[in-house]
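*Asks:* Let me give you the structure first, and then I'll get to my questions.
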């Protein structure tokens, strides 16, 4: 995906890269926007990634952090339950399973103010969030 994104037309100040979210190779206060997509629930210590994001974000920078939410499998039709259990059996495991409220509270506990959020309901619901560090 990164290769494809970099092939497309994009402004010169936009880059698509794979980085270790807990050890970013960028200067302090260098980005207007940081996007970390569907990753915080997979990181054992997401606060380390959040600290790095805060470090590289400019003072008024925006964090965009869509993340999958936990889902009660009993709410799903049988075929989707089987699919979800198969995914888990293949080794896909999340470290954190947040509800919408828990995820937003987690971001707020990391000193972020939620600017915008929306839950996209699906087999794996996604919580799209835009936030800014509180000053």
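The values are calculated or read from the model by the stated rules, or taken from the named source; none is laboratory data. These numbers were taken from a predicted model, which means no experiment stands behind them. Neighbour counts run over all protein chains shown; Cβ positions are idealised from the backbone, glycine included.
*Asks:* Taking region 29-46 as the search range and keeping residues that are part of a helix (DSSP H, G or I) and in contact with a helix residue (DSSP H, G or I) (Cβ under 9 Å, 6 or more places away or on another chain), which one is surrounded by the most Cβ atoms within 10 Å (Cβ to Cβ)?
*Replies:* Selected residue: 40.
*Asks:* In region 60-67, is there at least one residue being at pLDDT 95 or above and at positive phi?
*Replies:* no
*Asks:* OK, next. Can you name every residue in region 101-118 that is within 13 Å of the chain's Cα centre (by Cα) and in contact (Cβ under 8 Å) with a residue 24 or more places away in the chain?
*Replies:* Those that are within 13 Å of the chain's Cα centre (by Cα) and in contact (Cβ under 8 Å) with a residue 24 or more places away in the chain: 103, 104, 106, 107.
*Asks:* Given the conditions (1) over 14 Å from residue 111 (Cβ atoms); (2) under 10 Å from the mean Cα position of the chain (by Cα), which single one is not true for residue 63?
*Replies:* (1)
*Asks:* Now a separate question. Here's a check for you: in region 15-28, which residue that is closer than 29 Å to residue 125 by Cα and surrounded by fewer than 10 Cβ atoms within 10 Å (Cβ to Cβ) is modelled with the highest pLDDT?
*Replies:* Of everything passing the filter in region 15-28, 23 is modelled with the highest pLDDT.
*Asks:* With the condition kept exactly as written, say whether any residue in region 87-101 is farther than 27 Å from residue 15 by Cα, touching a helix residue (DSSP H, G or I) at 6+ places or on another chain (Cβ under 8 Å), surrounded by 13 or more Cβ atoms within 10 Å (Cβ to Cβ) and at pLDDT 85 or above.
*Replies:* yes
*Asks:* Among the residues of region 119-135, what is the count of those that are in contact (Cβ under 8 Å) with a residue 60 or more places away in the chain and more than 18 Å from residue 96 (Cβ to Cβ)?
*Replies:* So the count comes out to 4.
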